[in-house]
Amino acid sequence: MADRVTVIGWDGSPLTAAARSALGAATLVAGAAHHLALPEVPPAAERIRLGSVALAARRIAGHRGTAVVLADGDPGFFGVVRTLRAPEFGLEVEVVPAVSSVAAAFARAGMPWDDAQVVVAHRRTLRRAVNVCRAHTKVAVLTSPGAGPAELGLLMEGVHRTFVICEELGTEREQVTILTSDKAADHTWRDPNVVIVIGGPVGPARAGEGGWLAGRDPGAGPRGWTQPGEGYDGPLGEGETDLLRAAQLARLGPHVGDLVWDIGCGSGAFAVEAARAGAAVIAVDRTLDSCARTDAAARRFGVQLQIVQGTAPHVMENLPEPDVVRVGGGGAAVVSAVADRRPQRIVAHASTRDEAELVGRDLTEHGYRVECALIQSVELDTRAWRETERSVAFLLSAVLPERVS
């Protein structure tokens with residue numbers, strides 16, 4: 001095992017005295033090509049060009065001597081320190097940090113970033129990173145080859161955002177470009193780069209106020225998974241009662257990184273509440289009035305929605321792939337079309353047992369595990385304890401076993 005392992009962060013500025021001392025004593029140096037070309041790297045040291053950090057960690061673990069790993073930015077922030085400290089390698093490391101590329105990017109943009117979401121985009125996680133950009137007003141994306149600004153822009157179709165693209169931060173080739181998301185695919189971008197994605201309405205707190213928690217404030221807005229119907233201006237549909245919405249949210253469990261479809265969004269109540277959980281939401285309805293109500297509700301609660309007017313199932317053909325779906329209208333035909341897209345979870349409701357059996361049978365034939373519950377809610381006037389309103393609905397929830405998580 002290496003006698004000593006030092007991880008040095010590099011942000012393009014001159015190395016600190018501690019970093020130079022560690023490098024000067026190194027018998028093995030690992031890093032990217034531009035790190036290994038630094039004049040401070042000892043000529044006699046063994047050099048490892050970093051590709052797979054895990055492979056490099058195995059080499060370092062078997063090295064007899066003093067090892068140094070060079071990494072861009074702060075190596076403890078989505079960096080190599082996590083892999084090097086994994087139990088299978090048994091490495092104890094010392095870290096000499098530098099300014100993270102995210103902090104540098106926001107500094108170049110002249111913006112605060114304690115209210116930003118930070119995500120890493122690889123090819124396997126690109127879609128989830130895009131969903132975070134859809135759902136939040138300020139996101140920093142640490143990109144990678146094949147999951148860069150162009151790919152982000154292409155997958156953001158239908159959602160307007162501003163991109164601040166910071167290429168090769170800390171080097172002589174550093175460049176900062178500001179453009180709209182739909183233009184990002186028209187360019188070729190140099191790696192490494194960081195993309196700041198900004199846009200959409202400001203949440204309930206005023207933009208100038210400081211927060212108490214980095215990222216999205218989970219306490220913003222009113223408490224409760226669901227809000228009283230009067231908060232949505234006008235009557236709610238039969239599938240939008242408070243308790244039914246709460247049960248649908250509980251079954252779907254939307255969270256950050258998910259894309260939720262709300263087909264037949266009505267007043268926008270469910271779409272808003274799914275968005276308040278941090279998920280990206282596409283709300284679909286065939287009527288202009290429902291789309292307008294949904295847009296007004298989103299603005300009132302300070303969340304971001306993509307609203308699409310059209311009739312299901314045809315309007316769903318060009319929508320990006322969902323993780324979970326609520327079907328608020330359209331019946332068995334729409335539920336069947338949704339199941340064809342293979343989301344992880346689906347919820348729907350029916351007003352009769354025959355309709356519930358039809359929907360449940362179709363979901364089962366699509367390979368879903370289906371549950372059905374009869375939900376009855378009775379609203380009482382607590383002054384006289386008299387019934388004022390009664391609602392009955394069959395709640396169907398379906399889970400695709402192959403995608404359970």
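The values are calculated or read from the model by the stated rules, or taken from the named source; none is laboratory data. All of these numbers come straight from a predicted model, not from anything done at the bench. Remember, those area values only see protein heavy atoms, side chains included, never the ligands or the DNA or RNA. Shrake-Rupley method; radii C 1.70, N 1.55, O 1.52, S 1.80 Å.
Could you tell me which of rounded, prolate or oblate describes segment 65-186, using a ≥ b ≥ c as the square roots of the eigenvalues of the alpha-carbon gyration tensor, with rounded for a/c under 1.5 and, failing that, prolate when a/b is larger than b/c and oblate otherwise?
Numbers: a/c = 2.20, a/b = 1.72, b/c = 1.28.
Because a/c hits 1.5 or more and a/b exceeds b/c, segment 65-186 counts as prolate.
What accessible area per residue comes out for the chain, rounded to a whole number of Å², with a 1.4 Å probe? Using a 1.4 Å probe on heavy atoms only, each residue of the chain averages 49 Å². In terms of its C-alpha gyration tensor, segment 267-385 has an oblate overall shape, because the principal axis ratio a/c (a ≥ b ≥ c, square roots of the eigenvalues) is not below 1.5 and a/b does not outweigh b/c. Taking the alpha carbon gyration tensor of segment 1-86, multiplying each eigenvalue by 5 and rooting it gives semi-axes of 17, 16, 11 Å, largest first. Per-residue surface analysis assigns residue 372 an accessible area of about 80 Å², computed on protein heavy atoms at 1.4 Å probe radius. Mean-square fluctuations from a GNM of the chain, with a 10 angstrom spring cutoff on Cα atoms, peak among 242, 354, 191 at 354. From the alpha carbon centroid of segment 31-87 to that of segment 105-169 is 27 Å. Across q = 0.13, 0.17, 0.20 Å⁻¹, segment 22-137 modelled as identical point scatterers on its alpha-carbon atoms has Debye log10 I(q)/I(0) values of -0.62, -0.93, -1.13, in the order of the q list. Does the chain classify as rounded, prolate or oblate by the C-alpha gyration tensor (a ≥ b ≥ c root eigenvalues; a/c under 1.5 gives rounded; else a/b over b/c gives prolate, otherwise oblate)? It comes out prolate by the Cα gyration axes. Share of carbon and sulfur in the accessible area of segment 141-182 stands at 52%, probe radius 1.4 Å. Atom-type composition of the exposed protein surface of segment 1-90 places 55 percent of the accessible area on carbon and sulfur (1.4 angstrom probe).
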